[in-house]
Amino acid sequence: MTAPLLSVKNLVKRFPIRGGLLQRVVDQVHAVDGVSFDLASGETLGVVGESGCGKSTTGRCILRLIEPTSGEVFFEGKNVTTASKDELRALARDMQIIFQDPYASLNPRMTVASIIGEALTIHGLTKTRAEYEARIVDLLETVGLSADHMRRYPHEFSGGQRQRIGIARALAVSPKLLVCDEAVSALDVSIQAQVINLLEDLQAKFGLTYVFIAHDLSVVEHISDRVAVMYLGRIVEIAPAKGLYTEPLHPYTEALLSAVPIPDPTVKRTRIRLQGDVPSPIRPPPGCHFHTRCPIAQKGLCDKEKPPLRESRPGHWVACHLRG
């Protein structure tokens, strides 16, 4: 077995809540609660779950855009969580992010050339002005835009075009890992398909590795090799995409998949309706976080003991006392 490109070990992120006259810490938001996984080079890991489950926070902690509370992240054997500013700057060339909102992630006062070329300047990747502009044109054409676009401003583009500019910016430093943080969620369905196909083409061309964060299960199924399902800061199931979609083990995964629309009206499927609301991440339930809504939860077990993430089948891991 070759060493993983990315290894996340027991990642935890808690955001302090301050109150009172002295703004003391009065509580904490448990955003990410012990997330662990490995990611091989050239692989795509889809991360899914309801809004607020910690998907985006996990992605940003991996890149240290947000400082994790505890845990470790290793990239090519290097500890990202203990890296100095200079080491982190060097690692930034290999790890990039595509943000969710193409309208907010691009500086409206900068031209497309300046947005894409900023990283080239920071890392000293081009020596002359001609080389700098040639690289920007090459990046624009790689993502399906033209050289004419480099002198324009973000407001002159559609949402799909803006996201392509964001992808070009991420590719400027020739990264190995891309965290796609809800990269297609803000786009129309037809544009989503185009961007997904572009990401797949780029992966084949450059050997990229993706952490693909999304809440649309059908999109994740299309692009992912493996899928991790998160609930209230924890991974409850992680498996190859085909195995997870055809034979889910965790009750929460079953409920999510039962809600995915099927275009064929002749296909009959039982809709699993979860009771209650997602508990507050400020005071998550003891034991299994999902036991308050789980249709098969056992009192005295699920509400007391945290289920370990264990391998039920080859490559299929589940955190459930009663499944696997």
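The values are calculated or read from the model by the stated rules, or taken from the named source; none is laboratory data. Predicted model, so just to flag it, every value in this text is computed and none were measured. All Cβ positions, glycine included, derive from the backbone under ideal geometry; neighbour counts span all protein chains shown.
Points to keep in mind about this one:
- Residues that are basic (K, R), more than 29 Å from R151 (Cα to Cα) and part of a helix (DSSP H, G or I), drawn from the range 55-112: K55, R60, K85
- Answer from E133, E200 - the residue that is on the phi < 0 side of the Ramachandran plot and assigned by TED's automatic domain parsing to the domain that holds C53: E200
- So R162, is it in contact with a Pro (Cβ under 6 Å, 6 or more places away or on another chain), in the same structural domain as K242 (by TED's automatic domain parsing) and not polar (S, T, N, Q): no
- Qualifying residue in the range 234-254 (condition: among the acidic types (D, E), touching an Asp or Glu at 6+ places or on another chain (Cβ under 9 Å) and modelled with pLDDT of 90 or more): no
- Checking every residue in the range 2-18 against the condition of being aliphatic (A, V, I, L, M), farther than 25 Å from L257 by Cα, free of Cβ contacts under 8 Å to residues at least 40 places away in the same chain and outside the structural domain of M150 (by TED's automatic domain parsing) gives zero matches.
- Exactly one residue among I238, I196, I262 is of a type in the set (V, I, T) and surrounded by 21 or more Cβ atoms within 10 Å (Cβ to Cβ), and that residue is I238.
- Subset of the range 115-130 [in a helix (DSSP H, G or I) and either in contact (Cβ under 8 Å) with a residue 40 or more places away in the chain or touching a helix residue (DSSP H, G or I) at 6+ places or on another chain (Cβ under 9 Å) (or both)]: I115, I116, G117, E118, A119, L120, T121, I122
- The residue that is nearest to Q163 (Cα to Cα), counting only those in the range 111-152 that are of a type in the set (V, I, T) and exposed (fewer than 13 other Cβ atoms within 10 Å of the Cβ), is T121.
- Pairs linking a residue in the range 149-160 that is touching a residue at least 24 places away in the same chain (Cβ under 8 Å) and under 11 Å from I115 (Cα atoms) to a residue that is part of a helix (DSSP H, G or I) and among the hydrophobic types (A, V, I, L, M, F, W, C), with Cβ atoms under 6 Å and 6 or more positions apart or on different chains, are M150/V112; M150/A113; M150/I136; R152/V112.
- There is at least one residue in the range 54-72 that is of a type in the set (D, E, K, R), surrounded by fewer than 16 Cβ atoms within 10 Å (Cβ to Cβ) and within 30 Å of K242 (Cα to Cα).
- Verdict on P281 being closer than 20 Å to V32 by Cα and in contact (Cβ under 8 Å) with a residue 12 or more places away in the chain: yes
- Filtering the range 191-210 to residues that are among the aromatic types (F, W, Y) and either touching a residue at least 60 places away in the same chain (Cβ under 8 Å) or part of a loop (DSSP other than H, G, I, E, B) (or both) leaves only Y210.
- Looking across the range 89-103 at every residue that is farther than 18 Å from T57 by Cα and within 20 Å of the chain's Cα centre (by Cα), the one that is surrounded by the most Cβ atoms within 10 Å (Cβ to Cβ) is identified as P102.
- Selected residue (criterion: surrounded by the most Cβ atoms within 10 Å (Cβ to Cβ)) from residues of the range 290-324 that are of a type in the set (G, A, S) and within 21 Å of V278 (Cα to Cα): A319
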